[in-house]
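Asker: First, the structure itself, so that you have it in front of you.
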Amino acid sequence: MHEKLIFEHSRTGRTATAQFPAAEAADIPAGLRRKQRPLLPEVSELQVVRHFTRLSQLNFSIDTHFYPLGSCTMKYNPRACNALAMLPEFLSRHPYAPEATGQGLLGCLYELQEMLLEVTGMQGVSLTPMAGAQGEFAGVAMMRAYHQSRGDLARVEIIVPDAAHGTNPATATMCGCKVVEIPSLPNGDIDIDALKRVVGPATAGIMLTNPSTLGVFERRIAEVAGIVHDAGGLLYYDGANLNAILGKVRPGDMGFDVIHMNLHKTFSTPHGGGGPGSGAVGVGKRLLPFMPIPVVGTQGNQYRWLTEKDLPQSIGRLSGFMGNAGVLLRAYIYMRMLGRPGMQRVSEYATLNANYLLARLKAAGFDAAYTDRRASHEFIITLKRQSRELGVSAMDFAKRLLDYGFHAPTTYFPLLVPECLLIEPTETEAKEELDGFVDAMIAILAEASSDPDKLHSAPHTLPVRRLDDVRAAKQLDLTWKPAQA
Amino acid sequence: MTTPADLKFLKSHEWARTESDGTVTIGISDHAQNALGDLVFVDVPEVGKTLAAGDACAVVESVKAASDVYSPVSGEVIANNDALGATPELINTDPYGAGWIARIRPSNAAELAKLLDAAAYDQIAAAEGH
Amino acid sequence: MPFIPHTDADVRDMLATIGVPNIDALFDEIPSSLRCGVLACIPEALTEMDVGRLMQERAAQDGRPLNFIGAGAYEHHIPAAVWSIVSRGEFYSAYTPYQAEASQGTLQLLYEYQTMIASLTGMQVANASLYDGASAVAEAALMAVRAHRRSTSARILMPTTLNPVYRQVTRAIAGNQSLNFEMLPYVPGSGTIDATALDKWKGQDVTALVIQQPNFFGQLEDVDALTDWAHANGALVIAVVNPTSLALLKPPGEWGQKGVDIVVGEGQPLGVPLAGGGPYIGFMTTRMEHVRQMPGRIVGRTLDLDGKPGFTLTLQAREQHIRRSKATSNICTNQGLLVTAATIYLSLVGPEGLERVAAASQARTRELVAALTKVRGVRAVFNGPRFHEAVLTLDRPVGPVLEALAVQGIVGGYSLAEHYPELGNALLVCATETRNSNDIARYAAALASLLS
């Protein structure tokens, strides 16, 4: 399978311009005009449709493959959410059109805020952050703004566990904070003694995921909250793993002051080949004045955007308009279809699937990273033993899984577990699919003994074989250039 | 590769060699290049820059990691290794020779005495290897 | 159960395999004191049919008014093929292409996108997208500070002709890292900035000058002179551009003697619907020498084990998952699906189609300005060339007029009262190729009757 570049289909003078009228723009001065046309392909509509359809067929996706990518919650994206968010009235709405002409959309967003408040146990929600990382940014910026508003200017340290996702420390830096890492215990919990040693008058807050990126629930979370609050810091909840606890335990009840949610994970909006995401934030009482704007509010029986005038202490605007409205609509539709009991079923069946898969893999001879712990909605297998005994790596397993028709789990994250696979099946996968995955893992383990080269050189059946990443980084080829005539 | 006995080290894997003219050449150890894997880019310090011992002065980058290089000594950068721009793999193939990163005119010779010797560094590197 | 496939028999078997009596036992590590009760405020579930009816009603409530606003988001025709392909599950439901071998479709598409957007802006390299135009300006400011090693001031000059919300967003995102933003006023007659006004900073350490073209008023800046001033004074130049306009306007890579250093902008006009404000696309391009300071994902072409070409994410050592607290940005997920739309859109329209869109939009706005300024009490504010957008003033406050127009199904423009009070009763209007002469006549008639 190989598809030429779109530019290689191009022939000068071939057009698909039927869509547009011709016109003149003589009023642009010559000195400001473009002289040479940009490198855009000249192709027919059929060529475009065929090219991009073929490209799509080179992808694995949830719609075509089991996609147990840990920490990413690759659950089914219901078609209704897409179809209804693409109603022409929603699509054609200009963000600056008067609020009176947008009460339908604003009503959906307001109700979404209310539902997110309920499932998180927070006091306020802003939908404006455009991805999880921006939600994190908003969260840490609010913590900083809170301390600054109290004249508590020395609080510039953000504590993160060593298992944290890389965005956590990157976010702290973007907010002008300093990162302090604390270790995890061998059982996956936070090292409370280490935490006690690092908190103090410089502590702005701590960033935690619970269940953690190690796939286990932080059991002493109430104690952690107490220690950080007593030291004058705040607690930030990274909602990457909210799917594990939806309707079971709420971040607000665990003592968190601020959370971000990845609507593209827990609330099933599409991942889109790397976005758009949506990183709504929820806050406790202390951070209410600092929420990013705009937020949907009500006035009489009308919905309206709350702005700087309503929230003068806000950390400000993070997007050109009001966040990823189209993504928010999809999340709203999904939540309305799940309803109250459906919300709790999400975490129940996600957890059931994860624990079942873990039990079967353990029985098949794989090592859990945290043997005596319950899996949350995801879990870690370590291939350290296989690596030592058979000379095969987690990456070899991941690549060979592709040949068996399964997307690989997350590999080499979290960094502190050697040769790890982080596996998250989600609630929308049927038992047969999980069993098929286990069968593939068993078959690959057998190959690792009998024919390890089959793993080292995998994948064998995909459009390309393993790619030379060193060459990619050294001989940078980032744009296509036409051959010189 | 045996660690040259005339070098001094930081435990963060940088080496320093005092040249006959009193300047100090710095680079990263064989153990460090091995852990990073194939290097794809090296950001060398600009000539004329003044460094304090322990300052991050260069970045070495492989496809899976990027690491700051800390200066073992204080002083002014008087040369950097241009060749690393086109051939960063020199650090992989010859970390203590052609893969040098920068040359520094030290402002405090006493700092050199505080660095690890080759044997002490080898012990640290060996402990990390497990 | 919606979207959950388990039968009772499945659940029984699975629990037996795990060795627990029921699903609730799987949550036994969560302290019982923390467990929440019934989520009382979550409504009962709706069937697909019922949620469909609800959404249809909400949509009908909003209707489809005739739109004459631009101000950073533009209503262009989107060929039917664009979203029919974008909605394919293989694009819609894939994730970030970490497993390159299983993601060649997305990766090749991103490489084609990088090629197109780099060429459109006249630069050497592009990233695979940022969130939107506003946040892209913030990332560009931070990037300029990293890239400009000799500048220590972190001083960014921002003209008041830069989209005011972009300025707010840039402060909110980049302000935590001690950047200094200084404002550059516009010349009242032309609505553009003047290179001589920059001389106030002559001889000082300026990290970067931001130039928006066309600027927020739709006016065309003297980009050559501004770029040359910045470079002569040791500053980098960040261009903020509308991608449609670049079919007609000189690309930033050719501004002045040397071309600019970083280009960003809002990619929404390229096949992305208005959709109430997002999701859109931030694009960013730069010179090769700055590629390692660029935030966001980048795709490169390389070879596989058999020596066949293939695509992969590259230069990942810049990114948060490797570099952690020293990453160029915390961005990970970007706007992949919208980039898919933009790439298909640019392929369909090609160089000639994009010129037609730009020229037709230009012609429609000219027609709109001519029609509206015939109405008594309406006049154009600025002289000089512009692109598909214009500032008008009315003889009375804009707010109530816009509300009255909305009642008649016309979204008449963007009020400048909040951000540019000095302009009086000013209104920013836009007509793209999607507005025809009847639409324009309808707006002009409605406005005439309101102002009479």
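Asker: Which of the residues spanning segment C:248-259 are open to solvent by less than 10 Å² (accessible area, probe 1.4 Å) and within 12 Å of chain A (Cβ to nearest Cβ)?
Answerer: Applying the first criterion (open to solvent by less than 10 Å² (accessible area, probe 1.4 Å)) to segment C:248-259 yields C:249, C:251-252, C:255, C:259.
Selection gives C:249, C:251, C:252, C:255.
Asker: Can you tell me which condition residue B:86 does not meet? The list is (1) free of Cβ contacts under 8 Å to residues at least 40 places away in the same chain; (2) surrounded by 15 or more Cβ atoms within 10 Å (Cβ to Cβ); (3) under 25 Å from residue C:319 (Cβ atoms), and all the others hold.
Answerer: Every listed condition holds for residue B:86 apart from (2).
Asker: Report those strands (runs of 3 or more DSSP E) wholly inside segment C:275-348 carrying at least 2 residues which are more than 7 Å from chain A (Cβ to nearest Cβ), under 22 Å from residue C:173 (Cβ atoms) and open to solvent by less than 10 Å² (accessible area, probe 1.4 Å).
Answerer: On the way: elements: C:282-286, C:298-303, C:309-314.
In segment C:275-348, the matching strands (runs of 3 or more DSSP E) lie at C:282-286.
Asker: In segment C:166-189, how many are facing chain A (nearest Cβ under 9 Å) and either crowded, with 17+ Cβ neighbours inside 10 Å or in a loop (DSSP other than H, G, I, E, B) (or both)?
Answerer: Counting residues in segment C:166-189 that are facing chain A (nearest Cβ under 9 Å) and either crowded, with 17+ Cβ neighbours inside 10 Å or in a loop (DSSP other than H, G, I, E, B) (or both) gives 10.
Asker: Quick one: residue A:327 ticks every box in (1) in the same structural domain as residue A:189 (by TED's automatic domain parsing); (2) touching a residue at least 60 places away in the same chain (Cβ under 8 Å); (3) farther than 23 Å from residue A:249 by Cα; (4) open to solvent by 30 Å² or more (accessible area, probe 1.4 Å) except a single one, so which number is it?
Answerer: Looking at each condition in turn, residue A:327 falls short on (4).
So that you can scan it fast, the table gives a plain yes or no per residue for (1) of a type in the set (A, V, I, L, M); (2) assigned by TED's automatic domain parsing to the domain that holds residue C:241; (3) under 29 Å from residue C:185 (Cα atoms):
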| residue | (1), (2), (3) |
| --- | --- |
| C:349 | yes, no, no |
| C:382 | no, no, yes |
| C:398 | yes, no, yes |
| C:402 | yes, no, yes |
| C:407 | yes, no, no |
| C:414 | no, no, yes |
| C:428 | yes, no, yes |
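Asker: A further question follows. Could you tell me whether residue B:12 is within 21 Å of residue B:123 (Cα to Cα), of a type in the set (Gly, Ala, Ser) and surrounded by fewer than 20 Cβ atoms within 10 Å (Cβ to Cβ)? Steps first, answer last, please.
Answerer: Working: within 21 Å of residue B:123 (Cα to Cα): yes; of a type in the set (Gly, Ala, Ser): yes; surrounded by fewer than 20 Cβ atoms within 10 Å (Cβ to Cβ): yes.
Spelling it out, residue B:12 is indeed within 21 Å of residue B:123 (Cα to Cα), of a type in the set (Gly, Ala, Ser) and surrounded by fewer than 20 Cβ atoms within 10 Å (Cβ to Cβ).
Asker: Right, another one. Can you pull out the residues in segment A:3-29 that are open to solvent by 80 Å² or more (accessible area, probe 1.4 Å) and in a helix (DSSP H, G or I)?
Answerer: A:18
Asker: Take the residues in segment A:91-120 that are open to solvent by less than 20 Å² (accessible area, probe 1.4 Å) and more than 7 Å from every other protein chain (Cβ to nearest Cβ); name whichever of them is farthest from residue C:65 (Cα to Cα).
Answerer: Selected residue: A:120.
Asker: Something else about it: Taking the conditions exactly as written (more than 28 Å from residue A:275 (Cα to Cα), facing chain A (nearest Cβ under 7 Å) and either crowded, with 16+ Cβ neighbours inside 10 Å or at pLDDT 95 or above (or both)), does residue C:66 satisfy them or not? If you could, list the steps in order and put the result at the bottom.
Answerer: Working: more than 28 Å from residue A:275 (Cα to Cα): yes; facing chain A (nearest Cβ under 7 Å): no; either crowded, with 16+ Cβ neighbours inside 10 Å or at pLDDT 95 or above (or both): yes.
No, not satisfied.
Asker: Take the residues in segment B:101-130 that are under 13 Å from the mean Cα position of the chain (by Cα) and within 17 Å of residue B:21 (Cα to Cα), then tell me which one is surrounded by the most Cβ atoms within 10 Å (Cβ to Cβ).
Answerer: Restricting to residues being under 13 Å from the mean Cα position of the chain (by Cα) and within 17 Å of residue B:21 (Cα to Cα), the top hit is B:104.
Asker: Search segment C:2-40 for residues being within 12 Å of residue A:352 (Cβ to Cβ) and in a loop (DSSP other than H, G, I, E, B), and hand back the single one that is most open to solvent (accessible area, probe 1.4 Å).
Answerer: By that ranking, first place goes to C:22.
Asker: Restricting to segment A:292-324, give me the number of residues that are among the hydrophobic types (A, V, I, L, M, F, W, C), in a strand (DSSP E or B) and open to solvent by 10 Å² or more (accessible area, probe 1.4 Å). Let's see the steps before the verdict.
Answerer: Step one: filter segment A:292-324 for residues among the hydrophobic types (A, V, I, L, M, F, W, C), giving A:293, A:295-296, A:305-306, A:311, A:315, A:318, A:321-322.
Cutting the leftovers down to in a strand (DSSP E or B) gives us A:293, A:295-296, A:305-306.
Then keep just the ones that are open to solvent by 10 Å² or more (accessible area, probe 1.4 Å); that gives A:305-306.
Matching residues across segment A:292-324 total 2.
Asker: Is there any pair linking a residue in segment C:413-433 that is over 21 Å from residue C:74 (Cβ atoms) to one that is modelled with pLDDT of 95 or more and among the polar types (S, T, N, Q), with Cβ under 6 Å and at least six apart or on different chains, and which?
Answerer: C:424/C:393; C:425/C:393
Asker: Please find, among A:319, A:393, A:387, the residue that is outside the structural domain of residue A:448 (by TED's automatic domain parsing) and either more than 30 Å from residue C:136 (Cα to Cα) or touching an Asp or Glu at 6+ places or on another chain (Cβ under 6 Å) (or both). Please lay out each step first, then the result.
Answerer: Values: A:393 fails: outside the structural domain of residue A:448 (by TED's automatic domain parsing); A:387 fails: outside the structural domain of residue A:448 (by TED's automatic domain parsing).
Answer to the check: A:319.
Asker: Among the residues of segment A:48-68, which ones are in contact with a strand residue (DSSP E or B) (Cβ under 9 Å, 6 or more places away or on another chain) and open to solvent by 10 Å² or more (accessible area, probe 1.4 Å)?
Answerer: Selection gives A:58, A:60, A:65.
Asker: Ok, one more. Can you tell me which residues in segment C:189-205 are closer than 20 Å to residue C:218 by Cα and either charged (D, E, K, R) or touching a residue at least 40 places away in the same chain (Cβ under 8 Å) (or both)?
Answerer: Passing the criteria: C:189, C:190, C:191, C:192, C:194.
Asker: Report whether or not residue A:264 is within 30 Å of residue A:69 (Cβ to Cβ), assigned by TED's automatic domain parsing to the domain that holds residue A:175 and touching an Asp or Glu at 6+ places or on another chain (Cβ under 6 Å). Show your work before the answer.
Answerer: Values: within 30 Å of residue A:69 (Cβ to Cβ): yes; assigned by TED's automatic domain parsing to the domain that holds residue A:175: yes; touching an Asp or Glu at 6+ places or on another chain (Cβ under 6 Å): no.
Answer is no for this residue.
Asker: So, in segment C:405-431, of the ones that are closer than 13 Å to residue C:394 by Cα and among the hydrophobic types (A, V, I, L, M, F, W, C), which residue ends up surrounded by the fewest Cβ atoms within 10 Å (Cβ to Cβ)?
Answerer: So, considering only residues that are closer than 13 Å to residue C:394 by Cα and among the hydrophobic types (A, V, I, L, M, F, W, C), the one surrounded by the fewest Cβ atoms within 10 Å (Cβ to Cβ) is C:417.
Asker: Still on this model: Which residue out of C:230, C:239 is part of a helix (DSSP H, G or I), at pLDDT 95 or above, of a type outside the set (S, T, N, Q) and crowded, with 24+ Cβ neighbours inside 10 Å? Give the derivation first.
Answerer: Working: C:239 fails: part of a helix (DSSP H, G or I).
It is C:230.
Asker: Let me ask another. Can you work out which of the residues in segment C:364-378 that are under 20 Å from residue C:74 (Cα atoms) and among the charged types (D, E, K, R) is farthest from the chain's Cα centre (by Cα)?
Answerer: Checked segment C:364-378; the qualifying residue farthest from the chain's Cα centre (by Cα) is C:367.
Asker: For segment C:80-100, enumerate the residues that are touching a residue at least 40 places away in the same chain (Cβ under 8 Å), of a type outside the set (A, V, I, L, M), within 7 Å of chain A (Cβ to nearest Cβ) and part of a helix (DSSP H, G or I).
Answerer: C:91, C:92
Asker: So residue C:388 ticks every box in (1) in a loop (DSSP other than H, G, I, E, B); (2) open to solvent by 10 Å² or more (accessible area, probe 1.4 Å) but one. Which box is left unticked?
Answerer: So the condition that residue C:388 fails would be (2).
Asker: Still on this structure, please answer the following. Say we look at segment A:30-47 and pick out the residues that are farther than 30 Å from residue C:227 by Cα and more than 7 Å from chain C (Cβ to nearest Cβ); which of these is least open to solvent (accessible area, probe 1.4 Å)?
Answerer: Taking the candidates together, the pick is A:44.
Asker: Just to check your reading of the model, which residue among B:35, B:53 is touching a helix residue (DSSP H, G or I) at 6+ places or on another chain (Cβ under 6 Å), modelled with pLDDT under 95 and among the small types (Gly, Ala, Ser)?
Answerer: On the way: B:35 fails: touching a helix residue (DSSP H, G or I) at 6+ places or on another chain (Cβ under 6 Å).
Answer to the check: B:53.
Rundown of residues vs (1) within 13 Å of chain C (Cβ to nearest Cβ); (2) among the aliphatic types (A, V, I, L, M); (3) in a loop (DSSP other than H, G, I, E, B), yes/no style:
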| site | (1), (2), (3) |
| --- | --- |
| A:218 | yes, no, yes |
| A:222 | yes, yes, no |
| A:227 | no, yes, no |
| A:232 | no, no, yes |
| A:243 | yes, no, no |
| A:268 | yes, no, yes |
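The values are calculated or read from the model by the stated rules, or taken from the named source; none is laboratory data. Just so it is clear, the model here is predicted, and its values are computed rather than measured. Every residue, glycine among them, receives a Cβ derived from its backbone with ideal geometry; neighbour counts consider all protein chains shown. Accessible surface is based on the protein model in full, side chains and every heavy atom, while ligands, DNA and RNA are left aside. Shrake-Rupley method; radii C 1.70, N 1.55, O 1.52, S 1.80 Å.
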